[in-house]
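Written below as structure tokens is the structure these notes are about.
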Amino acid sequence: MNREYLNRRHFLSLCLAGGAMLLPPLLRGDDDNNGDGSNVNFALAQTGITNRKVVVVGGGMAGATVAKYLRLWGGSGLEVTLVEKDPAYVSNIMSNLVLSGGRTLSSLNYSHASLTSKYGVQVRNGTVVAIDAQARTLTLADGTSLPYDRLVLAPGIRFDDAYGLTQADYESAFPHAWHAGPQTQTLRDQITAMQSGDTFVMTIPAKPYRCPPGPYERACLVADYLKTSGKSGCKVVVLDENPAIQAEPHNFNLAFTQTHAGIIDYRPGVSGIKVDKTTRAVSFTQGGAQQALTAKVINVIPPQRAGTVVDLAGANNSGGGRWAGVDVLSYASTAVPNIHIIGDASATTQPKAGHVANQEAKVCADAIVRAFLGQQPDPAPVTNSACYSPITNSTASWLTVVYQYDGNSKTMVPSGAGVVEAASISSKNFSQMNTWFNTLMADSFA
Ligand SMILES: Cc1cc2nc3c(=O)[nH]c(=O)nc-3n(C[C@H](O)[C@H](O)[C@H](O)COP(=O)(O)OP(=O)(O)OC[C@H]3O[C@@H](n4cnc5c(N)ncnc54)[C@H](O)[C@@H]3O)c2cc1C
């Protein structure tokens, strides 16, 4: 094992031990080009890997991170192409603050330019329409064919037509805003148009869904906006298909019953949700009783499944075909060779969260680099998740958990204290949240 590889291993253990960290100074660039024809502003490692190609599909939290770290750790002989359908990434994380006026949507835009300028990742703007796992090629909508030695799929999620609503409804009058972008602005506009006495109804699908604390956070921020903007008598009704609050139960319970008492009406264990688009009535069953209410704003968060490229690859072999089964030592597909799936699209015991996507990307990058060097994956990976949840436009809660590989179950299991949540909701947490967010996004995109 050469010296550069040892350095990379040491760096991996630093990153995994500390979660999302800024690059340490030794990898911060000077202005030298490393001579491999790419515009890299520091010398990439010479790892012994030559002429290997990895294609990454999806430039979100997982895809951007794996592309960057494959180049950092794989070095100049590992060519990385990132295919992303959108010109820039809009962060879901913090997007609930757009609804409460605490942030602008444009503040959540992240470019992929640094991946090219700093690390030499080739970024292709396009949509994948076919994958040939036998020939190890994929095809873009414009007909371009890209060969790969390894393919990493990081497409995030797509949404079911559900509760009487279709994709066209989500794009127009009934935005879920669970993938940040134009729908986030539409929902913000609907909320600001609410008048005193109006009702906002949101629904939460049965787990697993993207960002376990996210819906409860959204309820709090919408309530905070309605309260602070002087709209009296408004209600935020939360219809949860789960039997109880799915994350930070202590602090969200406090937020619902104290901070936002009288505004948030939380109803767990709901089933049979149906939206009447014309009358704006939402019907549902709770505790065996059929109920209905009408609402000014209806924010359905639909059931989710892996992005379509996972289906194209034939890797949707978990959760009744919703998710991609993976070996969490490498995130290799359990269905298709030479394909890895990371982020929300994969089926693991870790939450579908941006911080976790960043961590999975690093474990996956390490495993691919090792494979190209003829080595086995790290047998004992460690990942962590930290998640801050704004409760108002100036206070927040948080949770954190460290996962370790369990050889018996072959899954990632919470270590030590398990999931730890903040002792209280505070403005200090809100300030630390911004540091956490900026650090995580820099580690993924900069
Ligand atoms: C409101 C909200 C708040 C959240 N808050 C937090 C939080 O506080 N902390 C946290 O850790 N997580 C949070 N999350 C969850 C987090 O955003 C996701 O877990 C994370 O984005 C998953 O990363 P990903 O890379 O799997 O998917 P994404 O980040 O969604 O990226 C997928 C990318 O793939 C691209 N793509 C898809 N299909 C194709 C294709 N065929 N061809 C090319 N490109 C394609 C998409 O355009 C997208 O850019 C939140 C989510 C929401 C909705």
Students often check this: by mean Cβ neighbours within 10 Å, which of 127-140, 345-358 ranks highest, and how do the rest follow? 345-358, 127-140
What is the Å³ per residue value for the convex hull set by the Cα atoms of the stretch 173-219? 86
Return the percentage of antiparallel bridges among DSSP beta bridges fully within the chain, rounded to the nearest 5 %. 55
Place the peptides 199-205, 414-420 in order of packing, highest mean first, counting for every residue the other Cβ atoms within 10 Å and averaging per peptide. 199-205, 414-420
Per-residue ³J(HN,Hα) for the stretch 98-104, Karplus 6.51 cos²θ - 1.76 cosθ + 1.60, θ = phi - 60°, Hz, x for Gly and Pro: 5, 5, 9, x, x, 8, 9
Give me the net charge of Y225's neighbourhood, meaning all other residues with Cβ under 10 Å from the Cβ of Y225; Lys, Arg count +1, Asp, Glu -1. +2
How much net charge surrounds Q359 when only other residues with a Cβ under 14 Å from its Cβ are counted (Lys, Arg +1; Asp, Glu -1)? -2
Calculated P(r) tail over 22 Å for the stretch 79-182, as whole % of Cα pairs: 48
Per the Debye formula with a single identical scatterer at each Cα and no solvent contribution, what log10 I(q)/I(0) holds for the stretch 111-266 at q = 0.13, 0.14, 0.18 Å⁻¹? -0.79, -0.86, -1.12
Express the accessible area of the stretch 162-302 per residue in Å², computed with a 1.4 Å probe while the remaining protein chains stay in the model. 37
Would you mind putting 63-74, 277-288 in packing order, based on average other-beta-carbon counts within 10 Å, highest first? 63-74, 277-288
DSSP bridge orientation in the stretch 162-302 - percent antiparallel, rounded to nearest 5: 45
Expressed as a percent, the accessible surface of the chain that is carbon or sulfur, using a 1.4 Å probe and the full set of protein chains, is 51
When the helices in the chain are scored as -39500 (n - 2.57) per DSSP H run of 4 or longer and the sum is shared across all residues, what 222 nm value do you end up with, to the nearest 500 deg cm²/dmol? -8000 deg cm²/dmol
Of the listed pairs K207/K362; K274/K352; K235/K274; K227/K362; K53/K207, those with alpha carbons more than 31 Å apart are K227/K362; K53/K207
Measuring from its Cα centre, the chain shows a charge dipole (+1 at each Lys and Arg Cβ, -1 at each Asp and Glu Cβ) which, in debye to the nearest 20, is 260
Rounded to a whole number of µm²/s, how large is the Stokes-Einstein D of the stretch 327-446 at 10 °C and 1.306 mPa s, given Rh as the Kirkwood radius over C-alpha pairs? 102
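The values are calculated or read from the model by the stated rules, or taken from the named source; none is laboratory data. Keep in mind that this is a model prediction, so the values were computed, not measured. Please note: Cβ atoms are built from the backbone with ideal geometry, for glycine as well, and neighbour counts cover all protein chains shown. To get the accessible areas, we keep the full protein, side chains included, count just its heavy atoms, and leave off ligands, DNA and RNA. Shrake-Rupley method; radii C 1.70, N 1.55, O 1.52, S 1.80 Å.
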